[in-house]
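See below for the structure under consideration.
Each reported figure results from applying straightforward, stated rules to the coordinates on display, with no laboratory input. What you see is a predicted model; the values in this text were computed from it and never measured. Every residue, glycine as well, gets a Cβ built from its backbone with ideal geometry; the counts of neighbours run over all protein chains shown.
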């Protein structure tokens, strides 16, 4: 069968790598067409769905998004670390189109198909550790986290779960309970699922540079006193916290927690939803410290922009639920599985792990030089293509969310997509597609530097 791509509407720019890799503004941001759609959005979509930058996208690829007004914006957000291989990456487009022509859905738990198994095999191969593993596929990161908790509870026969300060694990009821930040994620949505506890995170900037082992023992002491290992099914932790502020724990923190879990029959769950799939300069962030989790949750960068998530873990843990205990109508949808296989192939074939490390070096060097002359940037941190700056009032050292928001807004107005994060709202995170050209990334960083300088001059 010969597959023919559907025709594009006249005047619609091509997406993917064919897009010109340039920043170009032909209207103010947002432009008139985007403003008109924003008015329609207000009438049609729940007000609870917020938008960081109200430009409406017509095409995307490489390191740019093109909006319906014809503006070409530098993308330093990747749809929150989703389009690591770039938007409409060629292998992904080809694989999804071919699958679309075959069938779109059967439900794997009704009439299965081979691509689900192939994705599970790839995850079992790629995730840390050479032990026997099993995987199960879902739709979203929050769904993966929910199921990881469900599996851990079933395996251990215990109920309690420990998450950490500054954590973000999702927006469902259980994952809101695991998430630390109240606004906008939790406020007014309780009560939350029971038997969820919180422990202190290693946050070197804000815990006095506490040694990782000492910080872990502080957390363990609190867990033992307030929860008790005999009641604890699992701890769940992001190896580098995402929404919490790109917090990189001090060396030894994760390893000490893992050792305690192993000694106390507690399941160690790594939430690699934002850090996974080449983002940090390793395929998974756990690899920086040689951490081999019992279970690992993945999503975001797994399928080139299609909705897919997974839980991968030790075979004995993953095989403990009864048949029918895991699943879901859309989990491991064949289109998403085709995209995932093509995405994983792209990461490996195009050496995108190494590319992420290179992008991290570029960002780290430029932002460190900027911080050396701007005392408002108190820290540059992250790994690979997951890099952030934390912004404070230099007179007091207190987090400066106001400045952070002004700088992000100024960058948006100049055609650079940046995202904020952090418990205190004072962190700017950079998550460029791994397909972004160096010169485009440097241009985006210069826009950020100019925005900081302009705000300082206006003060």
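Tabulated data for the structure shown
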read-out: P(r) weight above 29 Å for the chain, C-alpha pairs, percent; value: 48
read-out: Shape call, the range 92-349: gyration tensor on alpha carbons, a/c limit 1.5; value: prolate
read-out: Per-peptide average of other Cβ atoms within 10 Å, ordering 411-417, 138-144 highest first; value: 138-144, 411-417
read-out: Length-normalised contact order of the range 27-100 in % [C-alpha pairs under 8 Å, at least 6 apart]; value: 25
read-out: For peptides 258-269, 27-38, sequence by mean Cβ density within 10 Å, most packed first; value: 258-269, 27-38
read-out: Residue 22-residue 255 FRET efficiency (beta carbon distance; Förster radius 30 Å; 0.05 resolution); value: 0.10
read-out: Exposure proxy order (Cβ contacts within 10 Å, fewest to most) of 134, 376; value: 134, 376
read-out: Shape box of the range 70-147 [Cα atoms, principal axes, largest first, Å]; value: 47, 34, 24
read-out: Prolate/oblate/rounded call for the range 206-252, Cα gyration tensor, a/c under 1.5 rounded; value: oblate
read-out: Burial ordering of 295, 318, fewest other beta-carbon atoms within 10 Å first; value: 318, 295
read-out: Exposure proxy ranking, count of Cβ atoms within 10 Å, fewest first, for 275, 256, 423; value: 256, 423, 275
read-out: Approximate spin-label separation residue 150-residue 357, in nm, with each point projected 7 Å along Cα-to-Cβ; value: 3.8
read-out: Cα-based Rg and Dmax for the range 45-112, where Dmax is the largest Cα-Cα distance (Å); value: 16.0, 45
read-out: Taking the chain and dividing mean pair separation by its residue count, relative contact order in percent (alpha carbons under 8 Å, at least six apart); value: 21
read-out: Rg/Rh (Cα only; Kirkwood hydrodynamic radius) as it applies to the range 361-459; value: 0.93
read-out: Extended-chain gain in nm, criterion 0.36 nm per residue less alpha-carbon gap, residue 173 and residue 110; value: 19.9 nm
read-out: Alpha-carbon centroid distance for the pair the range 111-175 / the range 242-264, whole angstrom; value: 18
read-out: DSSP bridge pairs, the chain: antiparallel proportion in percent, nearest 5; value: 65
read-out: Antiparallel bridge percentage (DSSP; both residues within the range 92-349; nearest 5); value: 40
read-out: Shape call, the range 173-230: gyration tensor on alpha carbons, a/c limit 1.5; value: oblate
read-out: Inverse of mean 1/r across different Cα pairs in the range 223-369, Kirkwood, Å; value: 17.1
